[in-house]
Amino acid sequence: MYETITVEKRGKVAILTINRPDKLNALTKQVHAEGVAALNELKKDDSVRVLIITGAGEKAFVAGSDISEFAGETPVTQRDQFYDRSLYNSIDTFPKPVIAMVNGFCLGGGNELAMACDLRMASETARFSQPEINLGIMCGGGGTQRLTRLVGEGRSMEMVLTGDMIDAATAERIGLVNHVYPADQLEAETMKLAEKIAEKAPIALQLSKEAVKFASRSNLDEGLRREVDLFAICFSTEDKQEGVAAFLEKRKPNFKGK
Ligand code: COA
């Protein structure tokens with residue numbers, strides 16, 4: 001039903017693949033629109049507990065926004081696309097954990113997409129950059145903001161001002177990615193992480209995500225207050241009863257998302 005992406009379900013894990021390998025999975029407006037539509041579906045699908053986002057082929061995760069679409073764009077259309085109708089914002093507000101599985105070039109809008117996800121797993125062959133400066137423009141999909149929050153101002157400034165690529169080991173060292181694996185192990189390791197998270201209580205996962213994201217969007221007092229409010233909401237769930245009962249009965253909990 002989609003032309004530029006595929007969606008596959010493996011147990012409780014869904015895998016959304018950006019599927020334009022001949023163009024290194026560059027992001028067109030159609031990719032954004034189909035991605036947003038797929039996320040809206042997956043959001044409502046209770047059988048899906050965790051989402052993995054990746055790129056098709058062995059060469060690229062996503063090599064950025066599709067540069068061929070820049071011609072003819074106006075400030076108004078770009079603002080509308082990047083702010084209101086982007087995949088970045090749909091990922092940011094997605095209520096379930098999202099893992100970027102970065103299997104190659106992760107550039108520009110690709111890096112911004114990976115950073116909108118909650119966790120980033122990369123292959124040793126992955127390469128990262130914000131090369132917009134080389135096109136005479138700048139990041140527009142969250143690059144200056146999310147990168148700075150993830151790696152700090154100095155590292156972010158260097159990537160944004162030079163456009164230089166960094167390798168996977170460097171990305172791991174500066175905190176841009178969580179883990180790096182040999183290319184042939186990336187999928188298995190990402191699935192292992194996704195399946196582990198998929199066994200946790202869905203409402204507690206959603207609220208935990210919200211609380212962690214709020215940390216870099218608020219001051220400490222507001223963040224602590226929000227955390228307590230979200231923590232208290234967990235006490236209204238059946239999964240809290242189940243988690244506590246399972247601990248006391250020395251068995252594995254079976255969380256239902258209620
Ligand atoms: N937008 C549109 N098309 C892109 C693209 C992008 N961001 N990135 C790659 N492609 C296309 C290439 O034009 C090429 O298409 P073609 O076969 O029809 O000519 C195809 O994908 C393969 O890329 P190619 O450049 O031949 O591969 P390479 O191995 O020589 O180089 C890169 C790989 C990633 C270094 C190079 O493609 C590149 O610099 N891409 C642009 C990255 C960028 O600036 N992204 C930010 C945009 S804001």
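None of the figures in this text is laboratory data; all of them are computed from the coordinates on show. Remember, it's a predicted structure, so these values are computed and weren't measured experimentally. A quick note on method: Cβ atoms are made from the backbone with ideal geometry, for glycine too, and the neighbour counts reach across all protein chains shown.
Which trypsin sites (Lys or Arg not before Pro) in the stretch 181-232 sit in a loop by DSSP (not H, G, I, E or B) and have at most 11 other Cβ atoms within 10 Å of their own Cβ?
R217
Mind listing the phi-derived Karplus ³J(HN,Hα) values for the stretch 237-246, rounded to whole Hz, using 6.51, -1.76 and 1.60 with θ = phi - 60°, and x for any glycine or proline?
In residue order, the calculated couplings are 9, 5, 5, 5, 4, 5, x, 5, 4, 4 Hz.
Can you give the relative contact order of the chain as a percent, counting alpha carbon pairs under 8 Å and 6+ residues apart?
16
In debye to the nearest 20, how big a dipole does the chain give about its Cα centre with +1 on each Lys and Arg Cβ and -1 on each Asp and Glu Cβ?
800
Enter the Cα centre distance for the pair the stretch 49-103 and the stretch 155-177, rounded to the nearest angstrom.
Their Cα centres are 19 Å away from one another.
As an exercise, identify the GluC sites (Glu not before Pro) in the stretch 1-52 lying in DSSP coil whose Cβ has no more than 14 other Cβ atoms within 10 Å.
Those satisfying the criteria are E3.
Is the shape of the stretch 12-157 best called rounded, prolate or oblate, per the rule: a/c under 1.5 gives rounded, else a/b larger than b/c gives prolate, else oblate, with a ≥ b ≥ c the square roots of the Cα gyration tensor eigenvalues?
Rounded shape, in that the Cα axes give a/c under 1.5.
Percent antiparallel among DSSP beta bridges with both residues in the stretch 95-238, to the nearest 5?
Antiparallel bridges make up about 15 percent of those DSSP assigns within the stretch 95-238.
Please list, ordered by chain and number, the residues whose modelled amide H lies under 5 Å from the amide H of D66; skip anything fewer than 5 residues away on the same chain.
L27, T28
Please report, largest first and rounded to whole Å, the three semi-axes of the ellipsoid equivalent to the chain, where each semi-axis is the square root of five times an eigenvalue of the C-alpha gyration tensor.
Output for the chain: semi-axes of 31, 20, 19 Å.
Tell me the relative contact order for the stretch 199-258 as a rounded percent, counting alpha carbon contacts under 8 Å between residues six or more apart.
Once divided by the residue count of the stretch 199-258, the mean separation gives 44 percent.
Of the options C117, G57, G136, report the single residue whose Cα projects farthest towards the positive end of the charge dipole of the stretch 53-183 (beta-carbon charges: Lys, Arg +1; Asp, Glu -1).
C117
Calculate how many DSSP beta bridges within the chain are antiparallel, expressed in % of all such bridges and rounded to the nearest 5.
Percentage antiparallel, nearest 5: 25.
Projected onto the charge dipole of the chain (+1 at Lys/Arg Cβ, -1 at Asp/Glu Cβ, origin at the Cα centre), which of L207, F231, Q241 gives the Cα projection farthest towards the positive end?
Q241
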